[in-house]
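All remarks here apply to the structure that follows.
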Amino acid sequence: MKNMTINLIETDLTTELKNGAAEVIALRRYFHQHPEASLKEFETIKRIKAELTKIGIPYESVGETGVLGTIQGGLGEGKTVLLRADIDALELADAKDVPYKSVHPGLNHACGHDGHTAALLGAAKLLKSHQSEFAGIIKLAFQQAEEIGAGARQFVEGNFVQNVDQVFGLHLDSSVDVGKLVTTKGATNASCDIFKLTIKGESGHAARPDLGRDALLTAAAITVELQSIVAREVSPLDNAVVAVGVLNAGTRYNIIANEASLEGTVRTFSHETRHFVLDAVKRIATDVAKAHRTSLSFENYNAAAPLINHPVATHFAEQIANDMVGAENVITDNPKSLGADDFADFLAVSEGVYARVGTRNPENPDTWYGHHHENFDIDERSLVLATEFHVRYALTYLQS
């Protein structure tokens, strides 16, 4: 890969990254102090747009709270690569006692999106400064609403990913030591579907259950029967989850419930298994409801497809990571996660890869907390690597 790397990477990048590190850290801390929930990232996107304007990068809005910047290489036409950062925070208290603690009660950048945003802005500044030295186009996607699976689809459905040759994204990871990078081919994150079943029955006195149609009993039976899908209908060599997390029914101890609702999730690692399991959920629920003389309606929210890294793009990212930190610090077989990420929507329409950047400092327990924990924090040295990974991937890909 070193012989593929364009000159500016080898000669200028280390110094420029070092010079820009403090600014990237400051941006991360600003975003951490000012978190905003999914689809409500109004001040966040305002600051991102201000930074892009300061750098001199033109942009267009995507939905209310997303933005796509564009850097046109000065050496003419070429390939197009898209770099992505998600920008939303979690509805979770920030329990840390640090100067950059969230100033918005009940909101917290507890997944690292503040770092993703800051690193991509740092990369944008560096890439813009070398605009005259490469051919092709670099697109910068600052994406809203990853946490609810509603942001990436706005870029895809709005045709902002049309004619993109490759997409690259990364996620900070507190389970991986700082200084290590992760590039794993194939399925790395599960799909996420959120289903809701509503059962209609007939109420009656609990002393005469024969005169009613028990929606609560139906819901309980459905909950049990859904577990047979993974146990008996999915290959044991495949991975899938069907889980029910909410069951609501009944108004009083001695009244037969005339309505019940279930909410649950399906997680899989392939498009085929995903469709099969969703169909099975609907089929089994419908048949059980019919057996209990009740009716059923089925709703599903498609939060994210399975995230499947393209093998060629992943190998490309691996070679870049080797150049950055040495092959001994590159993890190529990271375990799959049943957590979802809607970067999968980009990968569904364009080749690419989703990498990970370690943030865990073995000597600092404050960086050991898992994502979505109220004390989540990072070793900020990871931000330089995240910035560098964006820059190297974009420039090396355009040169290849």
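The values are calculated or read from the model by the stated rules, or taken from the named source; none is laboratory data. These figures come from a predicted structure and were not determined experimentally. FYI the Cβ positions are ideal-geometry reconstructions off the backbone, even for glycines, and counts take in every protein chain you see. Only protein heavy atoms, including side chains, enter the accessible area calculation; ligands, DNA and RNA are left aside. Shrake-Rupley method; radii C 1.70, N 1.55, O 1.52, S 1.80 Å.
Overview of values
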item: Structure-derived Rg and Dmax of the Cα atoms in Å: which label, when the choices are [x] 22.1, 64; [y] 20.5, 70; [z] 23.8, 84; result: [z]
item: Stokes-Einstein diffusion coefficient of segment 49-175, Kirkwood radius over Cα pairs, 20 °C, 1.002 mPa s, in µm²/s; result: 137
item: Packing rank of 235-248, 365-378, where each peptide gets the mean count of other beta carbons within 10 Å, highest leading; result: 365-378, 235-248
item: Residue-averaged [θ]222 nm for the chain, counting only DSSP H segments that reach four residues, each worth -39500 (n - 2.57); result: -11000 deg cm²/dmol
item: Mean separation of Cα contacts under 8 Å, 6 or more apart, over the residue count of the chain: relative contact order %; result: 24
item: Cross-link pairs beyond the 24 Å C-alpha cut-off, checked among 46/336; 18/128; 101/185; 46/128; 79/185; 200/282; result: 46/336; 101/185
item: Set of aspartates and glutamates with alpha-carbon distance to residue 180 below 16 Å, sequence-local pairs under 8 removed; result: 318, 323, 328, 333, 363, 379, 380, 388
item: Stretchable slack from residue 332 to residue 200, in nm (0.36 nm times residue separation minus alpha-carbon distance); result: 42.6 nm
item: For the chain, share of DSSP beta bridges that run antiparallel, in % to the nearest 5; result: 65
item: Efficiency of FRET from Cβ geometry, residue 163 and residue 135, R₀ 25 Å, rounded to 0.05; result: 0.95
item: Percentage relative contact order, segment 199-303, counting C-alpha pairs under 8 Å, at least six apart; result: 35
item: Rounded percent of accessible protein surface that carbon and sulfur make up, the chain, 1.4 Å probe; result: 51
item: Segment 167-236: proportion of alpha-carbon pairs further apart than 16 angstrom, %; result: 73
item: Packing-based order for 133-146, 277-290, 28-41, using average beta carbon neighbours within 10 Å, highest first; result: 133-146, 28-41, 277-290
item: Highest-first arrangement of 160-168, 49-57, where packing means the average Cβ count within 10 Å; result: 160-168, 49-57
